[in-house]
Amino acid sequence: MKQNKDELPLISEEERVKRIESSSILVGKAVFNSILITLVSFAPILFLEGQENKLFTPLVLTKTFAMIGSALVAIFLVPVLMAMLLKGKMRSEKKHPVSRFFLWLYDPVIRLCLAWKKTTIALSVLLVVASIPLIMKVGSEFMPPLDEGSLLFMPVTMPDISNSEIKRIMQVQDKLIKSVPEVENVLGKAGRANTATDNAPISMIETIVLLKPQAQWRKGMTKNKLIDELNSKLQIPGVVNGWTQPIINRINMLSTGIRTDVGVKIYGQNLDTINVLSQALKKGLVGVAGVKDLYVEPIVGGKYVEIKIKKEEIGRYGLSVDDVNMVIESSIGGMNITTTIEGRQRFSVNARFAQDFRSNIEQLKGLLVTSNVGPIPLSAVADISIAEGPPMINSENAMLRGTLLFNIRERDMGSTVNDAKKALESQIQKLPKGYFIEWSGQYENQVRAEKRLKVLMPIVLIIITIILYFTFHTFREVLIVLSSVPIALVGGVYSLYFFHVNFSVAVAVGFIALFGVAVETGVLMLVYLNNSLFNRVKKNEQANKPIQNEDIEEAIYEGAALRLRPKLMTVFVDIIGLLPVLLATGTGSDVMKPIAIPFVFGLVTSTLFVLIVLPVLYALVREYELKKNRKLVIAEFSD
């Protein structure tokens, strides 16, 4: 029977199984260590804290268990299936139509780069150096902002505002908001809800603005433009506007106690001093780019009815302090007089004077107190006046606290806070003794996550270096593999700059995933190059022929080119798997895209490095070794 030139010659069953076994041993250790490196690279995410841990831990655990399963399948099941199913006539890798196409593209490139090794290395270094200015221009934030499809309008007015006035202001605001075409519905709330977890004062309004789908918005309208338009319509004297979103507002308040993106907490011992410092810091932040909705949380200006009992007078009427306090409590504050039972329900009955009898100071002064000489006005035994005091006293860590609040729009958080710190630097240095400030809000979370990653990433890098050393048994190969990391990260950095994505915890997760895959592909390429060069050296030794630079280049070409298809397949699967995330437009896509963008584009540069620069770098190292030692020492990787 005539043998087709595109097919490999038939081999015996014993030889076929032997080749499958040797091939499995060749890549088995590398695959296992590569997956182990990928799993270790994800470890820092598991040690994050707060909301970033809760958000990304399920992602890491899912990927971890999936990769453990894939490792078991690749090492134990795939060789068995190959022995059972991989039979009959097989085509040479060079004759495979897919491989032939990619080899047609790859062959002239790799041969040109092997001929110009130092130039290739210099260009790759230049690519890394050119990314440094871009890194400096990339902004930073804690987490990418999630578009919730709604807005939360949180205006604050004077602490002594009346119920009727705050209701009127809220109704006016709701009508103005509803007049904007992009608004679907408006629902406002003044004061606190019927729950102990809501400590909002009557002077703070919370208005949820439900927006229509963006397809129904006016042409060219964006969320920031919409906020600016609404804010310009809602300029009311005595009211400070604030804009955020419902979900992130609750998360901020629960995690940091700050209802805006960033807050400056001022700690001290005296509320009046804290208020003066807060107002001075506010003036320092006016004009800082990105700072919006600047507002000092009021700690003075509250109005109280102050009743001081005249102890020298109550004795004349045969009254005690408790007698007067009982009248004040029952008539103004109200007191429980009985409990009514209706079926299985119990209701307390509270009695106090009607609103018409206690609506102003003069009426309070006229409240009657029963004495030994008959009813007398309350003003006869007590001084009644309006006094100012703190509307709410906030304390933290046993210290009084004031807060300067602001949101950030049209700029990244890191740059805005850095400029704000510079603007306040001179004032902070002049703070009185016993007073200090603390930056809080989303920025507090960002700093916490960055500190944790700075500690964990070097530890992970050391562990990965140890794993690579046990894989190759020489630091030379370890350094060659790790050299792929900067090139891979460069692709991610360029993508952040051109897609206008700020660095955040989500982006860090994408870079961590990229780091693992870059090292994994580098390990597999180096295994193929080592194996190809080992076979060439062994062949030359059997022929008593000395190894030359040309032999090294040819062996490296064979190791790189003949395994081109599986390496590209690995990268294409990763990229195709993330395409739905890159192309997504629904709710949540703005959080997931920052993970996918640096990963996908970093994979592109990482693949180019592994296919082009890594073989060139390996050739340079081996040629230097041959020049220095007159021979090459290569351990057989499959042993």
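Based on every Cα atom in the stretch 189-306, Rg and the maximum pairwise Cα distance Dmax equal 16.8, 57 Å.
Based on C-alpha pairs under 8 angstrom that are at least 6 apart in sequence, the chain has a relative contact order of 22 percent. The Cα atoms of the stretch 349-431 cover 72, 30, 25 Å along the three principal axes, with the biggest extent listed first.
Ranking Gly586, Phe599, Phe357 by Cα position along the charge dipole of the chain, where only Lys, Arg, Asp and Glu carry charges on their C-beta atoms, puts Phe599 farthest toward the positive end. For the stretch 196-328, the dipole from Cβ point charges (+1 on Lys and Arg, -1 on Asp and Glu) about the Cα centre works out to 720 debye, to the nearest 20.
With every protein chain in place and a 1.4 angstrom probe, the accessible-area ranking of Ile634, Ile75, largest first, reads Ile75, Ile634.
For the stretch 302-411, the fraction of C-alpha pairs more than 18 angstrom apart is 65%. Computed over the stretch 135-224, the convex hull of the alpha-carbon atoms projects to a mean area of 9.0 nm².
Rolling a 1.4 Å probe over the protein chains gives Met326 an accessible area of about 90 Å².
Short to long, the 5 Å bins of the Cα pair-distance histogram for the stretch 329-477 hold 2, 6, 8, 8, 8, 7, 6, 7, 7, 9, 9, 6, 4, 3, 2, 2, 2, 2, 1, 1, 0 percent of all pairs.
Would you work out if the stretch 227-274 is rounded, prolate or oblate? Take a ≥ b ≥ c from the square roots of the eigenvalues of the alpha-carbon gyration tensor; rounded if a/c is under 1.5, else prolate when a/b is larger than b/c, oblate otherwise. It is oblate, given that a/c is not under 1.5 and a/b is not larger than b/c. With the convex hull constructed from alpha-carbon coordinates only, the stretch 11-53 shows a mean projected area of 3.9 nm² over all directions. Candidate cross-link partners of Lys95 among the lysines, defined by an alpha-carbon separation under 24 Å and a same-chain spacing of 8 or more, comprise Lys2, Lys5, Lys18, Lys87, Lys567.
Put a plus charge on the Cβ of each Lys and Arg, a minus charge on the Cβ of each Asp and Glu, and nothing anywhere else: the dipole of the stretch 152-244 about its Cα centre is then about 340 debye. Note on Met221 and Tyr304: the extension gain reaches 25.3 nm, defined as 0.36 nm multiplied by sequence separation minus the Cα-Cα distance.
Legend: distances between Cα atoms for Lys265/Lys451; Lys283/Lys422; Lys175/Lys233; pairs beyond 18 Å are Lys265/Lys451. A compact globular protein would have a Cα radius of gyration near 2.2 N^0.38 Å; the ratio found for the stretch 558-639 is 1.60. Under a model in which nothing but the beta-carbon of Lys, Arg (+1) and Asp, Glu (-1) is charged, the chain shows a dipole of about 1800 debye around its Cα centre.
Counting pairs of Cα atoms in the chain, how many percent are more than 31 Å apart? That tail contains 66 percent of the Cα-Cα pairs. Along the stretch 253-268 the Karplus relation, 6.51 cos²θ - 1.76 cosθ + 1.60 evaluated at θ = phi - 60°, assigns HN-Hα couplings of 5, 6, 8, 10, x, 10, 8, 10, 4, 9, x, 10, 8, 10, 9, x Hz to successive residues, with x for each Gly and Pro.
The values are calculated or read from the model by the stated rules, or taken from the named source; none is laboratory data. This is a predicted model, so every value here is computed, not measured. A quick note on method: Cβ atoms are made from the backbone with ideal geometry, for glycine too, and the neighbour counts reach across all protein chains shown. Remember, those area values only see protein heavy atoms, side chains included, never the ligands or the DNA or RNA. Shrake-Rupley method; radii C 1.70, N 1.55, O 1.52, S 1.80 Å.
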